[in-house]
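Worksheet: the structure to be examined is printed underneath.
Readers should treat all values here as calculations from the given coordinates under stated rules, not as data from a laboratory. What you are looking at is a predicted structure, and each value in this text was computed from that prediction instead of being measured. No Cβ is skipped: glycine too gets one built from the backbone with ideal geometry, and neighbour counts run over all protein chains shown.
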Amino acid sequence: MHLHEMVVYITRGIGITFKLVPCVIVSTLIVGMILGILRFKNIKVISQIIDLYVTAIRGIPPLVILMALYFTVKLGSSFMTAFVALTIYHGAYVTEIVRGGLEAVPKGQMDAGKSLGLGYMRIMASVYIPQIMLQIIPTLCGQYILVVKDTTLVSVVGLQDIMWNAKELIAVTYDPIRVYFIIGVLYFVVCFIIDLIASRVEKSVSGRYQAQLAEKGAQ
Amino acid sequence: MSEDGKVLVEFKNVDKRFGGGKIIVMDDFSFSFTKGETHIICGRSGAGKSTLIRCINALETIDKGSIIIEGQELGHKTMHDIRKKVAMVFQDFNLFPHMSVLENVTFGPIRSLKKKKEEAIESGLMYLDRVGLRDRADAKPAQLSGGQKQRVAIARALNMHPDLILFDEPTSALDPEMVGEVLNIMKMLSEEGRSMIVVTHEMSFAKEAADKISFLENGKFIETADPDTFFDHPKHESVKKFIDQVYNK
């Protein structure tokens, strides 16, 4: 089998990755924003629960979460199982990223918001979130590259992705070295593109970010 | 202002401590602030002056007693209503860095007082004009000098149409050459008969603009007087010392 035939065969599975990654980006952003904001508010019981979730996830491999979910909860499809597992796993990290961003905002911003008579959620939505978005984008992009790489796991719950096709191909060609080399290159290219987008975004916001830093420096 | 002379803020037997009770800010503290007056609070650093005025809009909680603002007791339920009537100017300006000057000034009225946008912009521009910064309405805070930032912060406070403005060391973070421009605006507001409670170390400003000056020590106002009496005939020994150190340098 020629190399280009192998590439074409493997690449057919990439659709799953391209479908899964945007879904997980959106879902983890929602989870991370909600839990990050709740954790920042520092209500004792809620904070303890969120800390427990984050700590637990940090110590459990994503593959284990994927398998545990697959065997315990009926989610209708393999795609849903993979989606929920990756959301649970990476949502914990995004929660920490959001919380860290919120902690970095000067406390005076909260005082200023409160003294205008605004409620907590309004201060979050209009004062904190717009300020942290610029700062957390680089860290978030790093996290989403990990999401892309973790999509290599989803074939274990029966999703016919790149890895699934690769295993089929190895069974036919007995050539694991070339197959895994191709996969390595494919993933590298996808992650490299995300990296490029990330640094573009970072550059375009860094002007505004620098202005913010200057403001903070002056405070 | 026909209501001048009425009680605006009343502290009743308020206790406030920090650090496991070691640092006393207020100790069975009772006091009434009068409407229409510029009341200046001074004291040694660490006496709790900032904390005291931060209690008035519930940025700090009190341990005991009650604070009554225009007949309304400050509590969890009344907190938001009271904050809408009590504006605050901070030492560190605390402008919102991602918003323009005009957005900073209109954000509170639109989101908190539910004013119409056009109305908030109109009055916002008027107040920016009064602090001399109407032409910087579209600038971002980072593009302004410290003195300009603090003037925007004052315009932001004014645009809430507050019954009381709290000033928490408004010139302490400024370069010396910018202190004057901020104090001039505060003098103007004081002359208009606005109710202001000001924590400051600017003693010459206190002497000129204050209706009353109080000295906070060990959780109480140990001396409260009009500026002339306060500076020339202070009763309390530690006030005398303080004035000698700070004013008659």
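List of remarks:
- Low-density loop positions, trypsin sites (Lys or Arg not before Pro), the range B:19-56 - DSSP coil, at most 12 other Cβ in 10 Å: B:LYS22
- Extension gain for B:VAL246 to B:GLU192 (0.36 nm times residue separation, less C-alpha to C-alpha distance): 16.7 nm.
- nm² value of the averaged projected area, convex hull over the Cα atoms of chain B: 13.7 nm²
- In straight-distance terms, cross-link reach from B:LYS35 covers every one of the lysines whose alpha-carbon lies under 18 Å from its own, apart from those fewer than eight places away in the same chain; here that gives B:LYS6, B:LYS12, B:LYS84, B:LYS85, B:LYS187, B:LYS212.
- Between the range B:113-167 and the range A:39-103, the alpha-carbon center distance in angstrom: 43 Å
- Phi to ³J(HN,Hα) by Karplus 6.51 cos²θ - 1.76 cosθ + 1.60 over the range A:110-122, Hz, x for Gly, Pro: 5, 4, 4, x, 4, 5, 8, x, 8, x, 4, 5, 5
- Just checking the listed ones, A:ILE177, A:ILE123, A:ILE37: in the Gaussian network model of chain A with Cα springs under 10 Å, the one fluctuating most is A:ILE177.
- For the range A:3-218, the C-alpha radius of gyration sits at 1.21 times the compact-globule guess of 2.2 N^0.38 Å, with N the residue count.
- Cα-based values for the protein assembly as shown, radius of gyration first and Dmax second, are 29.5, 103 Å.
- Here the Gaussian network model covers chain B, with springs between Cα atoms less than 10 Å apart; of B:ASP232, B:ASP63, B:ASP163, B:ASP232 fluctuates the most.
- Across chain B, C-alpha contacts under 8 Å between residues 6 or more apart give a mean separation that, scaled by the residue count, equals a relative contact order of 25 percent.
- Cα Rg over Rh - the range A:54-122, Kirkwood: 1.23
- Considering only A:GLY91, A:GLY36, A:GLY108, the Gaussian network model of chain A with Cα springs below 10 Å gives its largest mean-square fluctuation to A:GLY108.
- The mean sequence distance of close C-alpha pairs (under 8 Å, at least 6 residues apart), as a share of the length of the range B:101-249, puts its relative contact order at 16 percent.
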